[in-house]
Amino acid sequence: MATNNANESAVNHDVTAIVLCGGSGRRLGGRDKPLIEVGGQTLVERVISRILPQVDSLVLSCRQNTAGYAHLGYPVVTDRLDDGGPLAGIEAALGQIATRFAVICPGDAPAFPADLVAMLYAGMTDSGVVYARHGRNDQFLFMLIHRDLQKNLHTWLKRGGRKVGDWLHEQGAVAVDFPAAARFDNINLPEDLQRWCDETPNT
């Protein structure tokens, strides 16, 4: 057991969490999704509490409303490139981390696996980036990425690249399969929000 703890500690100290909080929330009436409260906590607070035990440090990547996230007490990084989608947020945040790797997770998906980082880390290849797969579904925004890929990503965005899956495939990224019981669902629609409210007791 001591060996397992040591291995987990080594992984944690090699990884920073980048929590993506840049979505527009159009399907929820323009609401800032990670700041929606469910069961007494905002979605991003739930994401933070779930990812923190798995990492050394954490930054929040925001395209707007930085003041809305600053009170959480973590560094807030804004996009350097316009209209770059999630990859622009990742690119900017990679320049702010001290660890070799960053784990990416959306700020509106609070039920991802408690061993997300360990499984992605174990699946890392020479490409420097891996992502989660759940059944037949690729979960591109749950990825582990080496910070040295920032320059590559910056160049790709500057030449017009936008789709996360396209960039991952260009890097030769490998999917790491997660068990069927794992959850990666996020809040996109009003019915998603209602389901979370129904499932989550007040705290």
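The values are calculated or read from the model by the stated rules, or taken from the named source; none is laboratory data. Computed from a predicted structure; not experimentally measured. Every residue, glycine as well, gets a Cβ built from its backbone with ideal geometry; the counts of neighbours run over all protein chains shown.
Every listed requirement among (1) closer than 26 Å to Gly165 by Cβ; (2) out of contact with any strand residue (DSSP E or B) (no Cβ under 8 Å at 6 or more places or on another chain); (3) touching a residue at least 60 places away in the same chain (Cβ under 8 Å) is met by Pro106 save one, (2). Gly23 fulfils the conditions (1) surrounded by 19 or more Cβ atoms within 10 Å (Cβ to Cβ); (2) farther than 18 Å from Phe112 by Cβ; (3) at pLDDT below 85 except for a single criterion, (2). Looking across Leu87, Leu81, one residue alone is out of contact with any Gly (no Cβ under 6 Å at 6 or more places or on another chain), modelled with pLDDT under 90 and hydrophobic (A, V, I, L, M, F, W, C). It is Leu81. Here Ile97 passes the criteria (1) within 23 Å of Pro179 (Cα to Cα); (2) assigned to a loop (DSSP other than H, G, I, E, B) except the one numbered (1). Residues that are among the small types (Gly, Ala, Ser) and either in a loop (DSSP other than H, G, I, E, B) or crowded, with 22+ Cβ neighbours inside 10 Å (or both) within the stretch 38-82 comprise Gly39, Gly40, Ser61, Gly73, listed in sequence order.
Please go through the stretch 132-150 and pick out each residue that is more than 22 Å from Val77 (Cα to Cα) and either touching a residue at least 24 places away in the same chain (Cβ under 8 Å) or in contact with a strand residue (DSSP E or B) (Cβ under 7 Å, 6 or more places away or on another chain) (or both). Ala132, Arg133, His134, Gly135, Asn137, Asp138, Gln139, listed by residue number.
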